[in-house]
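Here is the structure we will look at.
The values are calculated or read from the model by the stated rules, or taken from the named source; none is laboratory data. What you see is a predicted model, and the numbers here were worked out from it, not measured in a lab. Cβ coordinates were reconstructed from backbone atoms using ideal geometry, including for glycine residues, and neighbour counts include every protein chain displayed. What goes into the accessible areas is simple: the full protein's heavy atoms, side chains included, and nothing from ligands, DNA or RNA. Shrake-Rupley method; radii C 1.70, N 1.55, O 1.52, S 1.80 Å.
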Amino acid sequence: MLQMMMLPDRERFLNIVDHSRGGVLLRLPNGTDCNLKTDPGARQLLRLMELGPEGLSISLTDPKDLPLYLHYMMEAGQDMPFIE
């Protein structure tokens, strides 16, 4: 499971979801999962949701997709201001 604390470009993130080999499961606050790749309602929810201090949890059904998400997370971290 990946924990994302910020999602600066949601459309770019969803583009990565579209190009994933496997499913991308979004963990909802009630503990259920929905597939961002196949569920239009889940995609709309992702576009609208506010990320709280706990961030966003996703699971990948194909481990070969992991590098795409790690790259996205590293690029998102570069946009953060440096905190001392």
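Only one of the numbered conditions (1) out of contact with any Phe, Trp or Tyr (no Cβ under 9 Å at 6 or more places or on another chain); (2) open to solvent by 80 Å² or more (accessible area, probe 1.4 Å) is violated by residue 25, and that is (2). The set of residues from region 28-54 being open to solvent by 10 Å² or more (accessible area, probe 1.4 Å) and within 22 Å of residue 67 (Cα to Cα) comprises 33, 34, 35, 37, 38, 43.
Quick one: which strands (runs of 3 or more DSSP E) lie wholly within region 1-51 and hold at least 3 residues that are in contact (Cβ under 8 Å) with a residue 40 or more places away in the chain? In region 1-51, 2-4 are the strands (runs of 3 or more DSSP E) which contain 3 or more residues that are in contact (Cβ under 8 Å) with a residue 40 or more places away in the chain. Given the criteria over 22 Å from residue 71 (Cα atoms), out of contact with any Gly (no Cβ under 8 Å at 6 or more places or on another chain) and of a type outside the set (Asp, Glu), does residue 22 qualify? It is false that residue 22 is over 22 Å from residue 71 (Cα atoms), out of contact with any Gly (no Cβ under 8 Å at 6 or more places or on another chain) and of a type outside the set (Asp, Glu). Residues in region 20-34 that are over 11 Å from the mean Cα position of the chain (by Cα) and either polar (S, T, N, Q) or modelled with pLDDT of 95 or more (or both): 20, 21, 22, 23, 30, 32, 33, 34. Got at least one residue in region 67-84 being touching a Lys or Arg at 6+ places or on another chain (Cβ under 9 Å) and either in a strand (DSSP E or B) or modelled with pLDDT of 95 or more (or both)? No, region 67-84 contains no residue that is touching a Lys or Arg at 6+ places or on another chain (Cβ under 9 Å) and either in a strand (DSSP E or B) or modelled with pLDDT of 95 or more (or both). Only residues that are within 12 Å of the chain's Cα centre (by Cα) and either part of a strand (DSSP E or B) or under 17 Å from residue 5 (Cβ atoms) (or both) were counted in region 52-66, giving 6.
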